[in-house]
1. Here are the criteria: (1) assigned to a loop (DSSP other than H, G, I, E, B); (2) modelled with pLDDT of 65 or more. Tell me which single one Pro138 does not satisfy.
2. From the list Asp73, Asp45, which residue is modelled with pLDDT under 85, in the same structural domain as Val140 (by TED's automatic domain parsing) and under 16 Å from Val132 (Cα atoms)?
3. Out of (1) under 16 Å from Glu136 (Cα atoms); (2) modelled with pLDDT under 85, what's the single condition that is false for Leu79?
4. List every residue pair whose Cβ atoms lie under 8 Å apart, where the two residues are 6 or more positions apart in sequence or sit on different chains, the first residue falls within the range 11-37 and is of a type in the set (Ser, Thr, Tyr), and the second residue, located anywhere, is surrounded by 12 or more Cβ atoms within 10 Å (Cβ to Cβ) and at pLDDT 90 or above.
5. Residues that are modelled with pLDDT under 90 and either among the small types (Gly, Ala, Ser) or under 30 Å from Asp45 (Cα atoms) (or both): does the range 145-160 have at least one?
6. Name the single residue, out of those in the range 101-124 being at pLDDT 75 or above and hydrophobic (A, V, I, L, M, F, W, C), that is nearest to Pro85 (Cα to Cα).
7. State yes or no: is Lys127 under 19 Å from Val43 (Cα atoms), modelled with pLDDT of 90 or more and in contact with a His (Cβ under 8 Å, 6 or more places away or on another chain)?
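The values are calculated or read from the model by the stated rules, or taken from the named source; none is laboratory data. No experiment lies behind these values; they were computed from the predicted model shown. Here the Cβ positions follow ideal geometry from the backbone for every residue, glycine too, while neighbour counts run over all protein chains shown.
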Amino acid sequence: MKKRKAISNEISREIWEREKGICENCKKQLFEVIELRKLRIKVYDEHTCYSCGELGNVLTLDVEGCGIMWLDDNRIGELVRRKYPFFYPSKYSKDVYYANHCEYCDKLQGDWHIMDDFLIHEHDGLKEPINVEIIELPFVFDSYIEDLPYHIHHIDKNPDNNSPDNLMLLCPKCHREIHKT
């Protein structure tokens with residue numbers, strides 16, 4: 001039996017982006033978005049810079065209602081940067097994103113510090129944040145939470161034809177219905 005060719009993550013993502021995460025059949029939104037109004041900032045001291053060895057601060061961000069977040073909204077990054085100057089746009093990527101930097105040598109201190117208290121505890125052995133602050137956002141932040149289940153359908157029913165123009169983004173229910181007919 002011939003093994004069917006899998007749809008690559010790159011093509012799957014292309015289909016997702018082309019359809020903006022909406023089922024092509026029933027028009028259902030295939031991701032969850034919640035409105036966020038408050039940001040929690042936890043600042044940890046005694047973080048050892050991997051480059052210069054100096055002790056400095058790192059912070060994590062989470063949003064009430066959805067937990068830890070990845071910072072892809074520059075408005076939030078700029079609000080945080082004003083108060084915590086070690087948190088600014090990374091110089092090490094063509095994409096602009098805010099991250100922790102060493103206060104002494106300016107080296108990026110790892111993206112994961114923003115997102116995960118657990119990794120800070122594991123990596124640095126830091127016990128508790130020295131400061132926890134909740135700030136009211138001066139705007140409503142719509143946070144994309146996660147993809148809901150979705151399927152990619154082959155229009156011509158040939159599972160080896162993974163050309164984007166042959167693929168449809170569908171919710172599982174619509175995909176089942178299409179294969180019933």
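1. Failing condition for Pro138: (1).
2. Of the residues listed, the single one that is modelled with pLDDT under 85, in the same structural domain as Val140 (by TED's automatic domain parsing) and under 16 Å from Val132 (Cα atoms) is Asp45.
3. (2)
4. Ser12/Ile152
5. yes
6. Cys102
7. no
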